[in-house]
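The values are calculated or read from the model by the stated rules, or taken from the named source; none is laboratory data. Since the model is a prediction, treat every value here as computed from it, not as a measurement. Every residue, glycine as well, gets a Cβ built from its backbone with ideal geometry; the counts of neighbours run over all protein chains shown.
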Amino acid sequence: MSVNEKIPQHESKRRQPEGRCATLLPLQTAVVISVIIAAVIIASQSVHAASTASKTVVVTMTDKPPTYVPARLTVKVGTTILWKNTGATLHDVTTDPSVAQNKGDVEVPPGAKPFDSGFMPPGASWSYTLTIPGRYVYACIPHEKDRMIGEITVTK
Ligand SMILES: [Cu+2]
């Protein structure tokens, strides 16, 4: 090997990384920009979804007096209601006339099935998605006599 042969090899080795850097930088920039654009699109879609179909509304269940808060609600179809027992006693959510002490205390719109949370201990939560528009009247069985009754109107 002569010295003359070694010099071009050495130079080409030094130039290669520089050349790769020059072509990689715009590529990396393009990748970063695409990732940002994708993130913005995903973020705007999830915000859109949250404001329409997948909305959740919280109703708390309290003790003195036994009450649903808020007791009356109007929501869009597809809304999920999340009942939270924030009290210190058992509460319940039912629209099932076979469970209620007075069948007239509960109601679901035509075509909707009655729902029942079962007894919920303090701290428990239970959710139900309302997919059929109309008027829902639900009661807490342990406090039905205390008129712990809630009403939800579901609009299209
Ligand atoms: Cu109750």
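Considering (1) over 19 Å from the mean Cα position of the chain (by Cα); (2) at pLDDT below 95, the lone condition that HIS48 does not fulfil carries the number (1).
Applying the selection to segment 121-156, what residues are within 13 Å of the ligand (Cβ to nearest atom) and in a strand (DSSP E or B)? If you could, list the steps in order and put the result at the bottom.
From segment 121-156, those within 13 Å of the ligand (Cβ to nearest atom) are 121-122, 124, 126, 138-150; that's our starting set.
Answer for segment 121-156, where residues must be within 13 Å of the ligand (Cβ to nearest atom) and in a strand (DSSP E or B): TRP126, TYR138, ALA139, ILE149, GLY150.
Being touching a residue at least 24 places away in the same chain (Cβ under 8 Å), within 13 Å of the ligand (Cβ to nearest atom) and in contact with a strand residue (DSSP E or B) (Cβ under 6 Å, 6 or more places away or on another chain) is a property that ILE81 lacks. Somewhere in segment 112-125, is a residue hydrophobic (A, V, I, L, M, F, W, C), within 22 Å of THR62 (Cβ to Cβ), buried (at least 17 other Cβ atoms within 10 Å of the Cβ) and free of Cβ contacts under 8 Å to residues at least 24 places away in the same chain? Within segment 112-125, one or more residues are hydrophobic (A, V, I, L, M, F, W, C), within 22 Å of THR62 (Cβ to Cβ), buried (at least 17 other Cβ atoms within 10 Å of the Cβ) and free of Cβ contacts under 8 Å to residues at least 24 places away in the same chain. Summed over segment 73-92, residues that are of a type in the set (S, T, N, Q) and more than 15 Å from the chain's Cα centre (by Cα) total 4.
Report, by residue number, each residue of segment 90-123 that is under 16 Å from ARG135 (Cβ atoms), among the polar types (S, T, N, Q) and touching a Ser or Thr at 6+ places or on another chain (Cβ under 8 Å). Can you show your working first?
As a first pass, look at segment 90-123 and keep what is under 16 Å from ARG135 (Cβ atoms): 93-97, 100, 103-115.
Now narrow it down to the ones that are among the polar types (S, T, N, Q): 94-95.
Result: THR94, single match.
GLY118 passes every criterion in (1) on the phi > 0 side of the Ramachandran plot; (2) in a strand (DSSP E or B); (3) not polar (S, T, N, Q) apart from (2).
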